[in-house]
Amino acid sequence: MFFLLVFAFQVMLIFQGFDLSDEGFLSIFYRRIFSDPVSVSYNFMFWLTGIIGGLWVKLISPLGLWGIRLGGAIVNTITVVITYNLLRKYLNPEYLKLGLLLVVLSLNNDIKVLNYNTLSSLFYVIAICFLHSGLEKAHWGKIFLGGFFVGLNVFIRTPNILQLGLVL
């Protein structure tokens, strides 16, 4: 129920106004990544974001900009779920839910869209989850998957190369 409320809160915000600077920029990138990649080559430092966003736009194309916002709400909610599952063994679940709710409330002072920030957060959490699980259970496959997501995250947004420190 908690995660449903987190998602519902974010969905309620997607109907507020338009931001044609960043959202318009991203929606053009997502729509053209497969059909005319040369016209959006200036965005290739976010190459994997464009691929994921382009696939998402193809999937939900009738929703337009609201679909991109819905994608951001879904990605944020998945990030919260994974974070909760990672930390629930170490923190009181009620305090953890309160903390995650406060994070969602404080980060939602603007409407989240499917972009490199939300995808970077998701990939960071996935990588940490695999690395933690792999180190805890001495499972090399999970450690490899954690490293794989670290590598993928570099293509979400090039400055994420600094995340390679997690591998060390």
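What follows is calculated from the coordinates using simple rules that are stated; it is not laboratory data. Computed from a predicted structure; not experimentally measured. All Cβ positions, glycine included, derive from the backbone under ideal geometry; neighbour counts span all protein chains shown.
Some points to look at:
- When the chain is treated as a GNM with alpha-carbon contacts under 10 Å, the residue of THR158, THR49, THR118 showing the greatest mean-square fluctuation is THR158.
- The lysines whose alpha-carbon is closer than 20 Å to the alpha-carbon of LYS137, local same-chain residues fewer than 8 away aside, are LYS89.
- Mean residue ellipticity at 222 nm, helices only, the chain: -22500 deg cm²/dmol; runs of at least 4 DSSP H residues each add -39,500 (n - 2.57), and the sum is divided by the number of residues.
- Mean projected area of the Cα convex hull of the range 1-64, taken over all directions, amounts to 5.4 nm².
- Globularity index of the chain is 1.09 (Cα radius of gyration / 2.2 N^0.38 Å, N = number of residues).
- Three-way shape call for the range 78-130 based on the alpha-carbon gyration tensor, with the a/c threshold at 1.5: oblate
- Sequence ranges 149-157, 132-140, ranked by mean other-Cβ count within 10 angstrom, highest first: 149-157, 132-140
- Reachable lysines, given that their alpha-carbon falls under 23 Å from the alpha-carbon of LYS58 and they are not under 8 places away in the same chain: LYS112
- With bins 5 Å wide beginning at 0, the percent of Cα pairs of the range 94-168 falling in each bin runs 3, 16, 20, 18, 17, 17, 7, 2, 0.
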